[in-house]
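Novice: Below: one structure in structure tokens.
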Amino acid sequence: MQRPVPSLDPADWEVFRKQAHGALDGMIDHIRCIRQQPVWRPLPDLVKARLRSQTLPEEGEELAAVLDQFRTNILPYPSGNIHPRFWSWISGSGNPVGMIADMLASGMNSVGLGFDDSSASYVELQVMDWLKELFGFPSEASGLLVSGCSMANLVGLAVARGGMSGHDVRKAGVKGDHEGRLVTYASIETHSSIQRAVELLGLGSHYYRKLPVDDEYEIDLEALERQITSDKAQGLRPALLVGNAGTVNTGAIDPMNALADCAQRHDLWLHVDGAFGAMARLIDGSPRNLSGMTRADSLAFDLHKWLHQPYNVGAVIVRSADLHRQTFSIAPDYLENLGDGVAGGPTNFNSFGVELSRSFIALRIWMSFKTYGVKRFRELVGQNIEQAQYLHKLIDEETALEALAPTNLNVVNFRFDPGGLNDESLDSINREIIVSLQREGIAAPSSTRLGGRLSIRVGITNHRTRYEDLELLITEVLRIGRQVVQQR
Ligand SMILES: *Cc1c(COP(=O)(O)O)cnc(C)c1O
């Protein structure tokens with residue numbers, strides 16, 4: 001019997017084909033012309049209302065109409081990070097090949113389990129092997145693609161907790177009121193996702209030591225030693241040491257060899273948060289402090305930041321694949337690998353992390369590495385580091401500008417300071433400069449505070465930035481700064 005049954009496929013594939021090609025063309029034009037667009041524009045109230053005050057669409061409408069709404073209300077108001085002058089936080093700028101890969105991956109819609117015998121499982125294993133090689137880890141190490149570096153940090157520290165507990169922490173949980181509790185160490189400049197992981201894993205922020213930094217914003221090694229000694233004396237168990245390969249505030253890199261030595265001396269697990277800074281290992285003449293990073297027990301990093309993969313994807317590498325598997329593996333009956341057929345795949349990604357169903361995130365990495373070659377990504381990392389040095393030099397040449405931190409990697413901090421104004425006024429002037437730059441669509445630096453002072457913070461993880469974009473930033477900061485001072 002033939003009767004019409006509902007499905008989600010188009011009634012007319014040829015009409016759909018036209019609409020899909022139109023959507024793709026629209027995105028290609030959008031990316032191609034991004035430099036001519038404002039880096040960011042505020043959402044008009046009307047648009048916000050259109051996006052927020054719609055009723056649940058019980059009945060569908062034409063795809064053409066929905067695409068129209070996308071073009072009018074959504075596409076013109078992105079975060080801005082694919083623009084050449086977007087330098088807020090640490091954000092990657094994506095890449096066109098990755099965009100195509102995502103469309104192809106969504107079309108295939110593989111479930112990403114690893115024990116499904118699908119091309120996606122093998123591509124993901126291949127990509128992880130490439131990443132281990134790039135970051136100098138042995139091929140026996142284990143690794144997993146995850147949603148981002150927050151998740152990568154959580155996974156890495158979960159393995160660390162299991163490895164350092166001395167009992168079956170999965171069964172018994174974290175033990176002790178105080179005596180014997182595992183202590184985590186990291187510098188005060190460490191990303192908040194580490195504290196999040198410490199709290200989620202039941203290690204307790206009370207047992208998380210945030211150590212001071214030196215003038216270079218690197219962890220104070222003597223303070224670290226003193227803290228470990230004092231914790232031991234209290235009967236605590238120093239256990240987890242987190243090193244920063246690139247802090248968000250200033251791009252500082254903790255001295256990895258010294259941290260690895262310390263970890264060895266005190267039997268600590270060394271986890272490195274290399275969200276973006278780990279990429280500096282890819283270039284010739286990589287920063288001195290990074291050497292030793294490969295001695296880490298676990299390394300977390302992002303691919304959507306300085307490797308410009310579309311959001312979102314990060315990865316974690318763990319030296320001991322056994323410990324990694326022991327931390328996560330659970331084998332329910334319905335997920336048995338039958339050794340053949342669909343469920344005869346090469347691994348089980350869920351045995352190495354939190355997520356079960358996952359998109360085919362490996363395809364974007366596979367396709368962009370193959371299309372551009374890793375050499376191109378190395379060049380781009382090196383270019384951003386050079387650009388940051390160039391910007392720092394421009395700042396030094398202007399008497400009305402003041403660098404607020406040493407420039408490490410790709411992060412530059414400075415403020416407008418024409419002289420004769422107190423810190424409070426300077427904070428408010430510089431805040432106004434940042435907001436004006438953004439509202440006028442000129443550039444999008446972000447802000448941070450260094451020694452309490454508000455800083456214009458420029459994090460260049462952007463393959464579209466040119467040297468003249470940085471020159472324009474300087475010109476515009478001076479123009480807006482002088483205007484603001486005049487109006488007061
Ligand atoms: C961005 C970042 C994180 C968090 O990564 P997400 O991908 O945003 O989850 C962790 N550490 C550092 C140093 C970062 O820059």
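The numbers here are math on the coordinates, done by the rules we state, and not lab data. These figures come from a predicted structure and were not determined experimentally. Backbone-built Cβ (ideal geometry, glycine too); neighbour counts: all protein chains shown.
Novice: Taking LYS370 as the anchor, which lysines have their alpha carbon closer than 19 Å to its alpha carbon, excluding any fewer than eight residues away along the same chain?
Specialist: Leaving aside lysines fewer than 8 places away in the same chain, those within reach of LYS370 are LYS132, LYS305.
Novice: Separate question: What distance in nm separates the two pseudo spin-label positions at ARG479 and LYS370, each 7 Å out from Cα along the beta-carbon direction?
Specialist: Here the answer is 4.6 nm between the modelled labels.
Novice: Taking amide H positions as placed 1.01 Å from N in the peptide plane, with prolines and chain starts having none, which residues 5 or more places from GLY143, or on another chain, fall under 5 Å of its amide H?
Specialist: VAL318
Novice: Still on this structure, I have one more. Which one, LEU401, GLY419, VAL127, is farthest towards the positive end of the dipole of the chain when Lys and Arg carry +1 and Asp and Glu -1 on their Cβ?
Specialist: Towards the positive end, the residue furthest out is GLY419.
Novice: Quick one: work out the % antiparallel among DSSP beta bridges in segment 263-348, nearest 5. Each step should come with its number before you reach the end.
Specialist: Details: 5 of 8 bridges.
So the antiparallel bridges in segment 263-348 amount to around 60 percent.
Novice: Next up: Work out, step by step, the length gained on full extension between ARG170 and TYR122: first 0.36 nm times the residue separation, then minus their alpha carbon distance; give nm to one decimal. List each step's numbers first, then the result.
Specialist: Working: separation 48, 0.36 × 48 = 17.28 nm, distance 2.97 nm.
Value of the extension gain: 14.3 nm.
Novice: Can I ask one more? Dipole size in debye (nearest 20) for the chain around its Cα centre, Lys and Arg Cβ +1, Asp and Glu Cβ -1? Show your work: numbers first, answer last.
Specialist: Numbers: 48 positive and 59 negative charges, 67 e Å.
Here the chain has a charge dipole of around 320 debye.
Novice: If packing is taken as the mean number of other Cβ atoms within 10 Å per residue, what is the order of 302-308, 24-30, highest first? Don't jump to the answer; show the numbers that get you there.
Specialist: Details: 302-308: 28.3, 24-30: 12.9.
Highest to lowest by the protection proxy: 302-308, 24-30.
Novice: At 7 Å along Cα-to-Cβ for each site, give me the label-to-label distance between LEU8 and ALA343 in nm.
Specialist: Distance between label points: 2.4 nm.
Novice: Right, here's the next one. Tell me, what are the semi-axes, in whole angstrom and largest first, of the equivalent ellipsoid of segment 149-270 as set by the roots of 5 times the Cα gyration tensor eigenvalues?
Specialist: On the way: eigenvalues 102, 56, 29 Å².
After diagonalising the Cα gyration tensor, the semi-axes are 23, 17, 12 Å.
Novice: Which whole-number percent gives the relative contact order of the chain, counting Cα pairs below 8 Å spaced six or more residues apart?
Specialist: Numbers: 852 pairs, mean separation 106.3, N = 488.
Relative contact order comes out at 22 percent.
Novice: Using Cα centres only, tell me the gap between segment 100-154 and segment 168-210 in whole Å.
Specialist: Spelled out, the Cα-based centre of one part sits 28 Å from the other.
Novice: Sticking with this structure for a sec: Please list the non-local residues whose amide H lies under 5 Å from the amide H of VAL183, H modeled 1.01 Å from N, same-chain partners needing a gap of 5 or more.
Specialist: Residues meeting the criterion, in which the H sits 1.01 Å from N, are ARG237, ALA239, LEU240.
Novice: While we're looking at this one, here's another question. If you place +1 on the Cβ of every Lys and Arg and -1 on the Cβ of every Asp and Glu, how big does the dipole about the Cα centre of segment 306-419 come out, in debye to the nearest 20?
Specialist: Numbers: 10 positive and 12 negative charges, 79 e Å.
The calculated dipole for segment 306-419 is roughly 380 debye.
Novice: Assuming R0 = 22 Å, what is the FRET efficiency of GLU225 and ARG196, from their Cβ-Cβ distance, to the nearest 0.05?
Specialist: On the way: r = 26 Å, r/R0 = 1.20.
FRET efficiency, GLU225 to ARG196: 0.25.
Novice: Can you figure out the FRET efficiency of VAL15 with VAL111, using R₀ = 45 Å and their beta-carbon distance, to the nearest 0.05? Spell out each step's value before the answer.
Specialist: Working: r = 29 Å, r/R0 = 0.65.
The pair VAL15/VAL111 has a calculated efficiency of 0.95.
Novice: May I ask you to evaluate 6.51 cos²θ - 1.76 cosθ + 1.60, the Karplus curve with θ = phi - 60°, for each residue of segment 359-374 and list the ³J(HN,Hα) values in order in whole Hz, giving x for glycine and proline?
Specialist: Residue by residue, segment 359-374 yields 6, 7, 5, 6, 5, 5, 6, 4, 5, 6, 4, 5, 6, 8, x, 5 Hz.
Novice: Name the long-range amide H neighbours of ALA405: under 5 Å, sequence gap of 5 or more, or other chain; modelled H, no Pro or chain starts.
Specialist: Under 5 Å from the amide H of ALA405 lie the amide H atoms of ASN413, each far enough along the sequence or on another chain.
Novice: Take the Cα atoms of segment 391-488, find their three principal axes, and give me the spread along each one in whole Å, biggest first.
Specialist: 38, 28, 22
Novice: Report, ordered by chain and residue number, the aspartates and glutamates lying within cross-link reach of LYS18, taken as a straight Cα distance under 20 Å and ignoring same-chain residues fewer than 8 apart.
Specialist: LYS18 reaches ASP9, ASP29, GLU61, GLU62, ASP68, ASP102.
Novice: Additional query: List, in order, the whole-Hz ³J(HN,Hα) value for each residue of segment 233-242 obtained from phi through the Karplus relation with A = 6.51, B = -1.76, C = 1.60 and θ = phi - 60°; use x for Gly and Pro.
Specialist: Along segment 233-242, the couplings run 4, 7, x, 7, 10, x, 9, 10, 10, 10 Hz.
Novice: I'd like to compare 69-81, 42-54: which one has the highest average count of other Cβ atoms within 10 Å, and what's the full order after that? Walk me through the intermediate numbers first.
Specialist: Numbers: 69-81: 15.2, 42-54: 11.3.
Answer by packing, highest mean first, reads 69-81, 42-54.
Novice: Here is a further query. Could you tell me the convex hull volume per residue, in Å³, taken over the Cα atoms of the chain? Write out the running numbers ahead of the final one.
Specialist: On the way: hull volume 94.1 nm³, N = 488.
With only Cα atoms used, the chain gives 193 Å³ per residue.
Novice: Sticking with this structure for a sec: Enter the Cα centre distance for the pair segment 391-452 and segment 13-47, rounded to the nearest angstrom.
Specialist: 33 Å
Novice: From the backbone phi of segment 72-81, what are the Karplus-calculated ³J(HN,Hα) couplings (6.51 cos²θ - 1.76 cosθ + 1.60, θ = phi - 60°) in whole Hz, Gly and Pro given as x?
Specialist: Working through the residues one at a time gives 8, 9, 10, 4, x, 10, x, 5, x, 6 Hz.
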